[in-house]
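One structure is given below, encoded as structure tokens.
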Amino acid sequence: MKITTRAFTALLLISVAAFADAGGSHEAGGSHEAGHRNSHGTPGIRIVQPWVRAVPSSGGNTGAYMQIGNPGETPDRLLAARVPGVRAVELHTHEMDGEMARMRRIPEIVIPPGEIVELAPRGLHVMLMGVERALHEGDTVKMILLFEHAGEIEITAPVHPITGAPGQGHRRDHQHRSN
Ligand SMILES: [Cu+2]
């Protein structure tokens with residue numbers, strides 16, 4: 001899903017504020033473009049509002065969602081994620097198979113330059129398969145996201161309860177296809 005330029009700018013400002021400490025060498029009063037400050041000279045990727053859907057019991061599956069902004073001028077790609085305490089992690093999308101919405105594993109999520117890609121329930125998501133323990137509201141989940149150009153980005157995502165109509169979203173018995 002794409003977001004308007006204005007929304008992107010607003011989110012970027014929030015994100016820059018949130019990541020100011022992690023960014024390292026930002027200079028007070030500097031006029032250089034936000035994001036042009038890592039050692040490769042390429043703009044960084046911005047992760048905004050990450051969250052993980054609550055899962056009531058150990059062994060269950062769930063999803064991680066966020067907005068991924070690319071303030072740079074070249075595409076980047078989310079290639080993989082590691083989540084301590086989770087048996088397996090995959091990148092997924094939803095697609096229609098006839099009348100049925102099914103999740104499908106995908107090899108990467110492309111983040112086009114100047115855009116924000118939204119990972120959201122019933123859309124793109126990071127699939128967490130087999131949590132070691134239940135995740136409840138108030139818990140947090142540490143994740144390491146691997147991007148082709150931005151490299152590894154570690155985030156801490158809060159856990160929020162399941163929302164939406166019963167039967168929507170992730171259930172342990174829903175159908176998965178590996179390809
Ligand atoms: Cu999934």
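Any read-out appearing in this document is the output of simple, stated calculations on the displayed coordinates, not a laboratory observation. Nothing here was measured: the structure is a model prediction, and the numbers come from that model. Quick reminder, even Gly has a Cβ in these numbers, built from the backbone with ideal geometry, and neighbours come from all protein chains shown.
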What's the extension gain from Leu146 to Ala80 if we count 0.36 nm per residue and subtract their Cα-Cα distance?
23.2 nm
Enter the per residue convex hull volume of the stretch 42-116, computed from alpha-carbon coordinates, in Å³ rounded to the nearest integer.
125 Å³
Contour minus end-to-end for Ala88 and Asp139, with contour as 0.36 nm per residue of separation and end-to-end as the Cα-Cα distance?
16.4 nm
What's the FRET efficiency of His160 with Glu99 using the Cβ-Cβ distance as r and R₀ = 35 Å, to the nearest 0.05?
0.75
